[in-house]
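Chemist: Could you have a look at this structure, given as structure tokens, before my questions?
Every number in this text was worked out from the coordinates using simple rules, so none of it is lab data. None of the values given here were measured: they were computed from a predicted structure. In this analysis, Cβ positions are derived from the backbone assuming ideal geometry, glycine residues included, and neighbour counts consider all displayed protein chains.
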Amino acid sequence: SDDGVVLKRAIELSANIASNDPLMVRRYKRAMVEGTSMTLQNGLQRERELGISHYLEIVGDGATFETAKDFISDDKRPRAQSKL
């Protein structure tokens, strides 16, 4: 049934989300909630800000930040394809 397929996919997605760092998941959720009251451009900027904040918190300093920032902003880098 369609319900069974949808449930199976929902469980797969939730397992994928749960496999990530809990703090980062909360930050992305925050970005989505805050983003609903923003323009797309401002929402994407907020997502980047929260991602950078998380990165700096995890690394503990900005020593490798420039390299990461260059990678993140590279439009030609490989990207995962969404399964949604």
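Chemist: Provide the packing ranking of 44-57, 18-31, i.e. peptides ordered by the mean count of other C-beta atoms within 10 Å per residue, highest first.
Modeler: Working: 44-57: 14.6, 18-31: 12.6.
Ranked from most to least packed, the peptides come out as 44-57, 18-31.
Chemist: Between SER19 and GLU49, what is the label-to-label distance in nm when each label sits 7 Å out along the Cα-to-Cβ direction?
Modeler: 3.2 nm
Chemist: Viscosity 1.306 mPa s, temperature 10 °C: Stokes-Einstein D of the range 2-42 from its Kirkwood Cα radius, in µm² per second?
Modeler: Numbers: Rh = 11.9 Å.
Estimated diffusion coefficient is 133 µm²/s.
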